[in-house]
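What follows is a short report on a single structure.
No value in this document is a laboratory result; all are computed from the given coordinates. Remember, predicted model here, so these are calculated numbers, not experimental data. For neighbour counting, all protein chains shown are included, and Cβ atoms are generated from backbone atoms with ideal geometry for every residue, glycine included.
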């Protein structure tokens, strides 16, 4: 991956794509404004939905945004850091169960619950990462999977929180007097704001000095060690940040579903997250949201028409592996470049 | 907890371990020789279980059911190898995960289309329905004894095949150093196709044998895949001997954990805590085992590669 290295200049804040892309060169203004356009459309969606008869999909887009938050964090460590973690759903689960534990303990503030989810998931990522990051390759995949499985069985056995059957959050959390009751979709905008912040944050960090060091580790770890970079600490920092953000997504997911069960941390959920990120484009800014959007929209559309909605997605994965190995984001990029 | 209960549980663990070995053997060779991570191996196990259950129900002949399961699954695996797996050899592990996860999704829907969503009830063969008196006051289900016998027999056969035959030598050469084997004139592609088919047959056999004592349902492949992966990582990727030892270890640790941990905890902890903690610890026992082994021996117990 010999992509040109750019200093984290003012352009990054405007979320411009790599200037080498012909599309970005030809329509620089459009590309620079695209994130804001997407944000504006998403922000207006709950207001426009009733007129278009799409009220049902406000909740769907909300879920999509939450999953995109988790996927962005995985894209950060996997795409930029080269850490193939197959246990990311474990951190989502830790976040969700933190919310459950706080609710069970009598707290009702949403901010406290989501903040707690972020912190507790970050702490567990620090512990798990400290052990896992000593291994490489397949062994890293397996050991992150093993830790996620341990968390899964822990959740299954916690009968106080419903065990296998899950835990219903019957009263919604309070976001504060100035937000609650303003509009029925206020939670949607909160999620959108958090998703936008997370997305902008990861994009920015990816192009910072730290992000470049992380990519250096991905491409040639031995060399980075020789250059004197504290490789293990840099990787661990990324792993903890990603785990914390995944926990935040888990906390939001708990509020979104008003229900938490161990199923959200089953290993297939971790695999699914990985699949969505790779489908969208590993290590590309738009990779995670594109992959999540494509997967969830297809899933939703297929479910409407047939009970057999798994196999077309499986075929899609095989097609992606053989025809778009760099992901959806790159397909767009490459076609432009070939002209 | 008396001696008979302990002995019974150890036998159960042995049986489970041997079945895990049948699944892990193919997985470890595919991984070891071609460096290919095949998540869809569990789907082959599922295919074997479904075919065996239906053929047994229709014909009433258990041996025929097992043979049919192996044949059908090998045919499916051959198709899979030619269409997909063959093109994945030189790709990244993550790409292999992506593609074989796609195969899992397709396989689950195909099974649903053919046999429906409801779990199948597979019956044990009538001859083996009753218990056998192993010793005074120790009845043991005869079907589970068959499981242990069949598992040991297959393990022995595999040992002879890998260590005493020419094809086995080629397999070992491919696993320990693929490039070197290629330079020496081994057609690693052909050896691999053979290994893939053999692995599929073993997975199908495990599925067919496990069908009567576990529930035959969609998702059973994904459930067994993780313990099988744990086995090959503990044993050392590419090593049959390692897979055998690790499978028995995992089988015993998992079964013993489920049987002995909860009562042991109840003896020392308050009942409420023990009731929560027991199943959790039993569930994670094999992962703790894996983490411990990897800490001491990062390449597994019997690394195939020098």
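Results, tabulated for the structure shown:
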read-out	value
Average partner coverage of A:132-142, which counts Cβ from other chains inside 10 Å	4
Computed helical MRE - 222 nm, chain B, DSSP H runs ≥ 4 contributing -39500 (n - 2.57), nearest 500	-26000 deg cm²/dmol
Highest-MSF residue in chain B out of B:98, B:249, B:88 [GNM, Cα springs under 10 Å]	B:98
Between the range B:1-78 and the range A:247-272, the alpha-carbon center distance in angstrom	31 Å
Theoretical ellipticity at 222 nm over chain A - DSSP helices of four or more residues, -39500 (n - 2.57) apiece, nearest 500	-23000 deg cm²/dmol
Rounded to 10°, Cα long-axis angle of helix B:240-268 versus longest principal axis of chain B	20 degrees
Sites residue A:229 and residue A:51 - FRET efficiency at Förster radius 60 Å, r taken between beta-carbons, to 0.05	0.65
Potential lengthening between residue A:40 and residue A:212 on full extension [0.36 nm per residue; Cα-Cα distance subtracted]	58.9 nm
Candidates B:246, B:25, B:126: whichever shows maximal mean-square fluctuation once chain B is modelled as a Gaussian network with Cα springs under 10 Å	B:126
Residue among A:254, A:177, A:213 with the largest mean-square fluctuation in a Gaussian network model of chain A, springs linking Cα atoms under 10 Å	A:177
Mean Cβ neighbour count within 10 Å, used as a protection proxy, ranking A:157-170, B:108-121, B:251-264 highest first	B:251-264, A:157-170, B:108-121
Whole-number percent relative contact order across the range A:19-338, with pairs defined as alpha carbons under 8 Å at least 6 apart	32 percent
For a label point 7 Å along the Cα-to-beta-carbon line of residue B:57, residues of the range B:104-145 with backbone N under 17 Å	B:110-126
The range A:46-120-the range B:102-154 distance, computed between alpha-carbon centres (Å)	40 Å
Cβ-Cβ FRET estimate between residue B:215 and residue A:164, R0 fixed at 22 Å, reported to 0.05	0.90
Label-to-label distance, nm, for residues given as residue B:118 and residue A:186 (7 Å Cα→Cβ offset)	4.9 nm
Helix B:271-296 axis, angle to chain B major axis (alpha carbon atoms, nearest 10°)	30 degrees
Three-way shape label, the range A:130-275, alpha-carbon gyration tensor, a/c 1.5	oblate
With eigenvalues of the C-alpha gyration tensor scaled by 5 and rooted, the range B:219-306, Å	29, 14, 10
Residue B:190/residue B:159 FRET efficiency (R0 22 Å; Cβ-Cβ; nearest 0.05)	0.50
Alpha-carbon gyration tensor eigenvalues x 5, square-rooted, for chain B, Å	31, 24, 19
Burial order of peptide ranges B:231-240, A:95-104 (average beta-carbon count within 10 Å, highest first)	B:231-240, A:95-104
Cα gyration tensor shape for the range A:24-120, rounded if a/c is under 1.5, else prolate or oblate	oblate
Exercise: per-residue mean of other protein chain Cβ atoms within 10 Å, A:271-284	2
Average Cα contact separation per residue, chain B, under 8 Å, 6 or more apart, as relative contact order %	34 percent
The protein assembly as shown - share of DSSP beta bridges that are antiparallel (%, nearest 5)	90 percent
Viscosity 0.890 mPa s, temperature 25 °C, Stokes-Einstein D of chain A from Kirkwood C-alpha radius, µm²/s	118 µm²/s
Overall form of the range A:164-209 per C-alpha gyration tensor (a/c, 1.5; a/b vs b/c)	oblate
Descending principal axes extents, the protein assembly as shown, alpha-carbon based, whole Å	79, 63, 53
